[in-house]
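Below you'll find the structure, written out as structure tokens, and then a few comments.
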Amino acid sequence: MTEATETNTGFIAKKLRLAGALVIAGLVVEGVTLWWNHPLSFIAFIGLGGLLMAAGIVIYLLALVNPPKS
Amino acid sequence: MPTALVYAVLVITVVIAGLVVLRPGITVARGGKILAFLGLFILPVFAGVVGLDNHVERSKATTFCLSCHVMEPYGKSLHVDDPAYLPATHFQNHRVPADQACYTCHTDYTLYTGGIKAKIRGLHHIYAQYLGTAEHPIKLYKPFNNRECLHCHLGARSFEQGTTHSAIMVDIKSNQLSCVTSGCHDTVHNVSHLDQVKMWSPAQ
């Protein structure tokens, strides 16, 4: 494996970890809000869970389409 | 989608996303790439959609509406022991589903139905409840539409063939004559008089 390939793999791995952690955090928030039937749980679902999941998805997609220049 | 199935989707997504977080090296292979795409894109989007759908469904619950302080007297008015109180008699006799009592008669007024304006109003209500000042007593944005009565009563024999209603049916159906404000069924929630009326308690 060349040095450039190792750098790319490390970059992708780092982004995948971050994206995965954000998606998991968003899913956990969603799971918690589903326990609670209240207007605030909907706000938490959208404002926190949705935001975390969206951030994770965007980071993942950006890592796919925009790898570092070797 | 039932809540149990939503949780199943969440767990499966967490497991796959967790696998990618713990072992990002698996994405070097084609199978790993597909797994990452599933766990970090397809399934989270799906989980978000089914979660939103679940929240929307649960927002129809009577307990959801009555969880705001300003709605407490309206919930109390459902227990008035007087058949002249229209919401009370519908609620107590299950003419509307007891667990979706508010939603059934106020479908244009809830957070998730009635278009964008209703949604913005719903969000404003949450703001007023927790950060601002809720109007007291609350008022409908638009006059109560006969449509909310007719989606159950229309086609019912007792309603269609009854002499009182059949004589004015055209005006009722065209919303020219209001069911609740034209003097026929005008005892509705009347929350300012709740301390003067007898309350009904369901048998335990």
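Here, each number is a calculation from the coordinates, and none is a lab measurement. Remember, it's a predicted structure, so these values are computed and weren't measured experimentally. Cβ placement follows ideal geometry from the backbone for every residue including glycine, while neighbour counts extend to all protein chains displayed.
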Specify the residue that is farthest from B:Val9 (Cα to Cα); the eligible residues are those in segment A:27-40 that are assigned to a helix (DSSP H, G or I) and more than 7 Å from chain B (Cβ to nearest Cβ). A:Leu40
If I filter segment B:7-32 down to residues being farther than 18 Å from A:Ala21 by Cβ and either touching a residue at least 12 places away in the same chain (Cβ under 8 Å) or among the basic types (Lys, Arg) (or both), which single residue comes out as nearest to the other protein chains (Cβ to nearest Cβ)? B:Val9
Consider segment A:12-25. How many of its residues are at the interface with chain B (Cβ under 7 Å from one of its Cβ atoms) and in contact with a Gly (Cβ under 9 Å, 6 or more places away or on another chain)? 6
If we keep only residues of segment A:41-58 that are crowded, with 20+ Cβ neighbours inside 10 Å and under 15 Å from the mean Cα position of the chain (by Cα), then the residue farthest from the other protein chains (Cβ to nearest Cβ) is A:Leu52
Name the residue, out of B:His94, B:His55, B:His79, B:His106, that is without any contact (Cβ under 8 Å) to a residue 12 or more places away in the chain and either within 11 Å of another protein chain (Cβ to nearest Cβ) or surrounded by 14 or more Cβ atoms within 10 Å (Cβ to Cβ) (or both). B:His55
Counting only residues that are under 21 Å from the mean Cα position of the chain (by Cα), give me the helices (runs of 4 or more DSSP H) lying completely in segment B:132-187 with at least 2 of them. B:147-153
